[in-house]
Amino acid sequence: QVQLVESGGGLVQAGGSLRLSCAASRNIFIINVMGWYRQAPGKQRELVADIISGGSTNYADSVKGRFTISRDNAKSTVYLQINSLKPEDTAVYYCRAYSAGTVYWGQGTQVTVSS
């Protein structure tokens, strides 16, 4: 069982930055894949970025060059650095972990970008 707790969301103006954090209840070194997803009102949840245990990363085309995912195994935390925010980035951002065939989700953190 893995519990995930996100933090760092908020209201920010377009062009601003935020850093989201996802703290896991277990050592993330043993978690195969950790990622960030987002869901805007009326839209499906979509992958933003993920990072595997070896450190390789993957990004949605819409965020490449603006978002950076990283992991700190010692702190059991995954981060999402978000730069050059746009109003279309407004969504609830969820942390996801995949480990031993099971998917875990956090409760989400709201990011709102004003124009």
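The values are calculated or read from the model by the stated rules, or taken from the named source; none is laboratory data. The structure presented is a predicted model; accordingly, all values stated were derived computationally and were not measured. Glycine gets a Cβ as well: all are built from the backbone with ideal geometry, and neighbour counts include every protein chain shown. Each accessible area value is taken on the protein alone, full model and side chains, heavy atoms only, with ligands, DNA and RNA left out. Shrake-Rupley method; radii C 1.70, N 1.55, O 1.52, S 1.80 Å.
For region 71-87, a residue qualifies if it is within 16 Å of the chain's Cα centre (by Cα) and without any contact (Cβ under 8 Å) to a residue 24 or more places away in the chain, and exactly one does: D72. Whenever a residue of region 47-67 is in contact (Cβ under 8 Å) with a residue 12 or more places away in the chain and farther than 17 Å from K86 by Cβ, its partners that are open to solvent by 20 Å² or more (accessible area, probe 1.4 Å) and polar (S, T, N, Q), lying with C-beta atoms within less than 6 angstrom and at least six residues away or across chains, give the pairs D50/N58; I51/T57; S53/N32. Residues in region 13-45 that are charged (D, E, K, R) and either open to solvent by less than 60 Å² (accessible area, probe 1.4 Å) or part of a loop (DSSP other than H, G, I, E, B) (or both) were compared, and the one that is modelled with the lowest pLDDT is R26. Residues that are within 12 Å of A40 (Cα to Cα) and surrounded by fewer than 20 Cβ atoms within 10 Å (Cβ to Cβ) within region 91-107 comprise just one, V92.
Residues in region 1-12 that are in a strand (DSSP E or B) and either loosely packed, with under 14 Cβ neighbours inside 10 Å or of a type outside the set (V, I, T) (or both): L4, E6, S7, G10, L11. Contact annotation: residue pairs with Cβ atoms under 6 Å, 6 or more positions apart or on different chains, pairing a residue in region 100-114 that is over 20 Å from T77 (Cβ atoms) with a partner that is assigned to a strand (DSSP E or B) and open to solvent by 50 Å² or more (accessible area, probe 1.4 Å), are T112/L11; S114/Q13. Residues that are out of contact with any Leu (no Cβ under 8 Å at 6 or more places or on another chain), at pLDDT 95 or above, open to solvent by 60 Å² or more (accessible area, probe 1.4 Å) and part of a helix (DSSP H, G or I) are absent from region 46-55.
Annotation: D72 fulfils all but one of (1) closer than 30 Å to S115 by Cβ; (2) open to solvent by less than 60 Å² (accessible area, probe 1.4 Å); the unmet one is (1).
Yes or no, residue by residue, for (1) of a type outside the set (A, V, I, L, M); (2) within 14 Å of A14 (Cα to Cα); (3) touching a Gly at 6+ places or on another chain (Cβ under 7 Å):
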position: D61; (1), (2), (3): yes, no, no
position: S70; (1), (2), (3): yes, no, no
position: I82; (1), (2), (3): no, yes, no
position: L85; (1), (2), (3): no, yes, yes
position: E88; (1), (2), (3): yes, yes, no
position: Y93; (1), (2), (3): yes, no, yes
position: Y104; (1), (2), (3): yes, no, no
position: V111; (1), (2), (3): no, yes, yes
